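Asker: The structure's right below; bear with me while I get my questions together.
No value in this document is a laboratory result; all are computed from the given coordinates. Not measured: the values here are computed from a predicted model. Neighbour counts run over all protein chains shown; Cβ positions are idealised from the backbone, glycine included.
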Amino acid sequence: MNIFNLIIIIWLSALTVLVLLSYRTKVIYIKKIKNKRDIKAKRYVIFDIISEDNVELKEIEEAIRNAVKELGGKLWLEIANPKVIMVYQNHGIVSTNRIGYKILIASLPLAKIQNKHVLFVPRRTTGSLKRAKKLIGIK
Amino acid sequence: MLIETCVLNSKIFNVLKFVGYDYFLSEDGLMGQKRVTIVAKNSKSIINFLKSNPKALVFVKPLNVDALKYAIISNRVSAVVLSSDNLHVFKKTMLNLIRQYDKPVEVQLRNFNSLVLRKIIVWSYKWIKYPLFSSCASNFDEIWPPLSKINLLVVHGADEEEAVKWIYFSPQKLFSKDEHF
């Protein structure tokens, strides 16, 4: 019986060594599951402002946040977390992330400012603020 | 060519151009192609209406199965309007009829309902070949830009490629009835 146990132990240890060796030499491919969608990756949405009235940056941000909340609820507002970075002439840049930029673009027509007629038209989405600024004409 | 399939006021034509649309259908008929929307309780009301309006594109919002059936079969009816009021009318047999006649189905995004949007997205994969999504804007701040429409559909569960196809190519069906694209 002791000899039988010894044989099994040797056989198992030999198998373990083989597996470890094959893993090192990449014979066995173990796929690491990664979440490729990096939540923190920033996105900058460039939009045009169509309005006959003057609109301020704070008003725009509040309107956009309310619109996102109206469409996606509090959950999506907190995920997208849209912030208006700047307004230059009739263009604006709003920051968000890779998860939330679609709901942000979808909710832009729902953005309303009290006693003012305004329409936000999404134009481009970029990954860097530098490029976004370049696209709206700031050098 | 991007077509906005419903505008209530033709005066917003300049804004539509700026937003990215090339052509539009208007309810007032002052500019662009004229369209008329009728709410039909039965097939007789559609027949009577079609006799009196020979030229405009006719969109029918049927409130019962009889009206829907006639609207699908009739060549003079350009599209059927789907909303939360008549969602219950669109049964499986009617959807099969829509597929058989390739009838476009329109959803108006003015005061849109997420349930209706979700339904038309699901049905568009199997039954509705030409779904239409129109702004029905009476003022310029009610216009839905094409990019927002696409993302609205994506948020509601549509594939991005399909959403682009529906927004860009489905409205062309209204102008090319016999051609398949």
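Each row is one residue, and each column tells you yes or no for (1) more than 27 Å from B:Ser176 (Cβ to Cβ); (2) surrounded by 14 or more Cβ atoms within 10 Å (Cβ to Cβ).
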| position | (1), (2) |
| --- | --- |
| B:Pro62 | no, yes |
| B:Ala67 | no, yes |
| B:Val77 | no, yes |
| B:Lys92 | yes, no |
| B:Asn96 | no, no |
| B:Asn111 | yes, no |
| B:Val116 | no, yes |
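Asker: Assuming B:Ile120 fulfils every condition listed in (1) within 13 Å of chain A (Cβ to nearest Cβ); (2) crowded, with 23+ Cβ neighbours inside 10 Å; (3) outside any loop (DSSP other than H, G, I, E, B) apart from one, which condition is it?
Answerer: So B:Ile120 meets the others, but not (1).
Asker: Given the residues A:Ala80, A:Ala41, which is the only one that is touching a residue at least 12 places away in the same chain (Cβ under 8 Å) and surrounded by fewer than 15 Cβ atoms within 10 Å (Cβ to Cβ)? Break it down into steps so the answer makes sense when it comes.
Answerer: Values: A:Ala80 fails: surrounded by fewer than 15 Cβ atoms within 10 Å (Cβ to Cβ).
After applying the criteria, what remains is A:Ala41.
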